[in-house]
Each structure stands twice: as structure tokens, then as C-alpha cells.
Amino acid sequence: MSKKIIIGNWKMNPLTLKEAEKLFNNVAKNVSGIKKTEIVICPPFLYLERLKKISKKINLGAQDAFWGDAGAYTGEISAEMLYNIGARYVISGHSERRALGESNTDVNKKVRASLSVGLRPVLCVGESARDENHGYFNFIKTQLEECLAGISKNSISKITIAYEPIWAISSTPNRQDATSDDSREMAIFIRKILSDKFGPEASQMRIIYGGSVNEKDAEEFLKNGGVDGLLAGRASLDAKKFVEIVKTCEILSK
Ligand code: PEP
């Protein structure tokens, strides 16, 4: 099994390269002793090239990658361009992109394009609300099936599934806390969908949790949430909090 993984999604922050370097440096200088935890930071595209030069320990990820290879796609950035400047991971299908109109079909094309150039997709799935009839399980099943359509067993070890219930994400108005039980229940369900689709090889895929994770509840999610890591948004903009999450994961991996 791969190492556990902690991913920071900086979203559209910070506003300057100088601040990005400072934040990244403050993480990098405090994780030199980390051995059993994979660390990934996903800054805005613009900062990737510069941050790549700062640390070998921290993997860089993009927050999106377009599905076309090159050509007349104004404003888009291809997976290959991202790989060429040093990104090794890419977030695919984040709920904030889906809210801007991205469909499961678009996400599937992006996952496939990313895999084809060696980028490791972090495929985000998550329901906007929980209904009494548990319809959200079917919603997640459809997201997984449509976003992973046509992907071969040979590639699946490169894919991480991030369960991110939208109702728990820090930017959601009137958000609610998810518990480690919510995470564990869904991780078990996702594991079952993946193994029905891909067979025993599906156990190579990491499943992680994201949704307002912080330095205080990271231990609970890692111990009891049934996951192989965490995706942190807001907490990743504070180097101290992010490093604490990484160190919690490291201790639990011993
Ligand atoms: C996210 O949106 O990917 C995320 C995990 O955000 P936050 O931790 O801020 O809820």
C-alpha cells in the first residue's frame, strides 16, 4: 500500500508570489523529517514553477488540468504543460469547479488526459446535502462511475479519490461538521464501488477525506475515518496548521 497522503489545496490564494513562497517555505522547513507521509501542495498554476525549486520533499499538484493536449483552447492549461513544469498531482472535479459547470464527462476527460501524461489525479466526489433516504450514496456512485469511465486497471493505482462532502467544506454557507463516522461510512461505500468496478486491484487506490479538516480533528479522521489521508483547504493556508496535520499523519503511520 502507498504511504498516507496529506494534500493542501490553496485554491485562489495567496495574492502574490512572494506570499506563496513564504507560505511554502514555512511548510518546507518544518517537514524535513517526514518520511512516511506523502505531502502535496496545490497552489495556483502561476506559482508552480517557482515553488518547484524550493523543495524536493513536497510534491506539487495543480488544481485542474484541461483535457486537450494543445491548440485553440484560450485560457486553458494542459496536463502535459503542468507535468513539464513539475506538477505531479492534479485535483480533478473539485466541487468548486463543478459549481462553475464542470460535468462528470468533463472530469472523466480531464482524469484520462492527466493519466496519459503521468499526472496523478485526485478525483473529488461529494454530495451537496444528505437526504433522509440516503440518495447521496447513489449520487457518489454515479460520480465515480462516470468520472472513472474507460480507465484501465493499469492506471488505477495512480488515482486518489477524495471524498469531500460539499456541506462540510469551509466555504459552503451554513456548513456543517462532518464526523469520522460520515467519512468511514462513505470510504467503505467508495471502496466497494471501486472493487466492483476494478476488482482486487482497486485496493491500490487511496481514498482520502476533505471538508474543513484542521489540526485539531485530523487525528480523529485519520484514526477512525477509514481513509488514507486528508485534503485540507483553509488549514493549508496556515503553515503551522498544515504542518501539524502532516505530523499527526506521520505519527499515526508509525
Ligand atoms: C476543499 O475545498 O478542497 C477543502 C478541503 O476545503 P476546506 O478544508 O477549506 O473545507
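Checking the structure you have, find out if any residue of the range 60-71 is under 30 Å from GLU19 (Cβ atoms) and over 18 Å from the mean Cα position of the chain (by Cα).
no
Being within 16 Å of the ligand (Cβ to nearest atom) and in a helix (DSSP H, G or I) is the filter; apply it to the range 8-52 and report the residue that is least open to solvent (accessible area, probe 1.4 Å). Give the steps one after another, and end with the answer.
Residues of the range 8-52 within 16 Å of the ligand (Cβ to nearest atom): 8-14, 23, 27, 39-44.
With in a helix (DSSP H, G or I) added as a condition, the list becomes 23, 27.
On the way: LEU23: 21, VAL27: 1 Å².
Once the filter is applied, the top-ranked residue is VAL27.
Okay, residues lined up against (1) in a strand (DSSP E or B); (2) away from the ligand (no atom under 16 Å from the Cβ); (3) charged (D, E, K, R); (4) buried (at least 17 other Cβ atoms within 10 Å of the Cβ):
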| site | (1), (2), (3), (4) |
| --- | --- |
| LEU123 | yes, no, no, yes |
| TYR136 | no, yes, no, yes |
| GLU145 | no, yes, yes, no |
| ASN154 | no, yes, no, no |
Fill in the blank from the handout: Scanning the range 71-95 residue by residue, those assigned to a loop (DSSP other than H, G, I, E, B), on the phi < 0 side of the Ramachandran plot and not charged (D, E, K, R) turn out to be ALA72, TYR73, THR74, ILE77, ILE85, ALA87, HIS94
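From ILE166, ILE190, ILE208, which residue is open to solvent by less than 10 Å² (accessible area, probe 1.4 Å), under 17 Å from the mean Cα position of the chain (by Cα), at pLDDT 95 or above and within 14 Å of the ligand (Cβ to nearest atom)? Write out each step before concluding.
Values: ILE166 fails: open to solvent by less than 10 Å² (accessible area, probe 1.4 Å); ILE190 fails: within 14 Å of the ligand (Cβ to nearest atom).
Testing whether each residue is open to solvent by less than 10 Å² (accessible area, probe 1.4 Å), under 17 Å from the mean Cα position of the chain (by Cα), at pLDDT 95 or above and within 14 Å of the ligand (Cβ to nearest atom) leaves just ILE208.
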Fill in the blank from the handout: Checking LYS4, LYS11, LYS109, LYS56 in turn, the sole residue that is without any contact (Cβ under 8 Å) to a residue 12 or more places away in the chain and either under 29 Å from PRO165 (Cα atoms) or basic (Lys, Arg) (or both) turns out to be LYS56
Problem - Sole exception among (1) surrounded by fewer than 18 Cβ atoms within 10 Å (Cβ to Cβ); (2) within 14 Å of the ligand (Cβ to nearest atom); (3) of a type in the set (Lys, Arg) for ARG98, by number - result: (1)
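The values are calculated or read from the model by the stated rules, or taken from the named source; none is laboratory data. All values derive from a computational prediction rather than experimental measurement. With ideal geometry, Cβ positions are generated from the backbone for all residues, glycine too; neighbour counts draw on all protein chains shown. Heads up: the accessible areas ignore ligands, DNA and RNA and are worked out on the full protein's heavy atoms, side chains in. Shrake-Rupley method; radii C 1.70, N 1.55, O 1.52, S 1.80 Å.
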